1. Being free of Cβ contacts under 8 Å to residues at least 60 places away in the same chain, under 18 Å from the mean Cα position of the chain (by Cα) and either surrounded by 13 or more Cβ atoms within 10 Å (Cβ to Cβ) or under 25 Å from Leu59 (Cβ atoms) (or both), is that true of even one residue in the range 189-198?
2. Just a yes or no: is a residue in the range 109-118 buried (at least 21 other Cβ atoms within 10 Å of the Cβ) and either without any contact (Cβ under 8 Å) to a residue 24 or more places away in the chain or hydrophobic (A, V, I, L, M, F, W, C) (or both)?
3. Suppose we filter the range 145-177 for residues that are crowded, with 18+ Cβ neighbours inside 10 Å and either of a type in the set (Ser, Thr, Tyr) or within 28 Å of Val210 (Cα to Cα) (or both); how many remain?
4. If you go through the range 128-159, how many residues are within 30 Å of Ser78 (Cβ to Cβ) and assigned to a strand (DSSP E or B)?
Amino acid sequence: MKKILLMVLLLAVTVNAFSQRRRTVRRSYARSSQWYIMPKGGFNIATVTNWGGDVRFGLALGGELGCRVSDVITLSGSLIYSQQGTNTWFYSRDFRTDIHLDYLNLPFMVHFNVAPGLELKVGLQPGILVNDAVTLRTDGYSYDEDFHRSMKRLHWDDGYIESVDLSMPFAISYQYRQLVFDARYNLGLNNVTTRSWWRNGHNSVFQFTVGYKFDL
């Protein structure tokens, strides 16, 4: 009887120790894979709404830091250098303007895991203007200036490019091993220009990137 009790006690201790080890391994795995960092790069197809212009193809380069808060939801923040703007004629074919607007965008996103490797994302994205270069072609001459000086040269108005842009990004992504393929649309929420009398316009950007995900 004592041998049986001893064997039962030993079995109970072994099972308990094994269970504790499994929980420790699971917790350790959860901690190591809960946070991630991801460098990424790709390209934009950008324009400014209501300006009637052609699209601008530009680069999108940066990185993302994320945290999985549940099996369904992940939160992330990114820093993206984004080349945006448009190529447009304005009102007259006597003027040709290429407007290159470059931003440091800070998208904060909520990810919804809808299938293995597949996520839908939505968020809010402030952007800081770092460059507004305009190439103005008129009367056989070409001028490389900022937006304000170009408007002054055309004797139109006293407009400036807003220093802060606000957009709402909508995205879908798919992860294959460590690679994450992301396609998103950034819907501009505020006017690109200020102190301008002519057409208001918002940034409108399709962005495609590929990232490599490192678990922390």
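Read-outs throughout are calculated quantities, based only on the coordinates presented, and are distinct from any laboratory measurement. All of these numbers come straight from a predicted model, not from anything done at the bench. In this analysis, Cβ positions are derived from the backbone assuming ideal geometry, glycine residues included, and neighbour counts consider all displayed protein chains.
1. Looking through the range 189-198, at least one residue is free of Cβ contacts under 8 Å to residues at least 60 places away in the same chain, under 18 Å from the mean Cα position of the chain (by Cα) and either surrounded by 13 or more Cβ atoms within 10 Å (Cβ to Cβ) or under 25 Å from Leu59 (Cβ atoms) (or both).
2. Yes, there is a match, as at least one residue in the range 109-118 is buried (at least 21 other Cβ atoms within 10 Å of the Cβ) and either without any contact (Cβ under 8 Å) to a residue 24 or more places away in the chain or hydrophobic (A, V, I, L, M, F, W, C) (or both).
3. 6
4. The number of residues fulfilling the criteria is 9.
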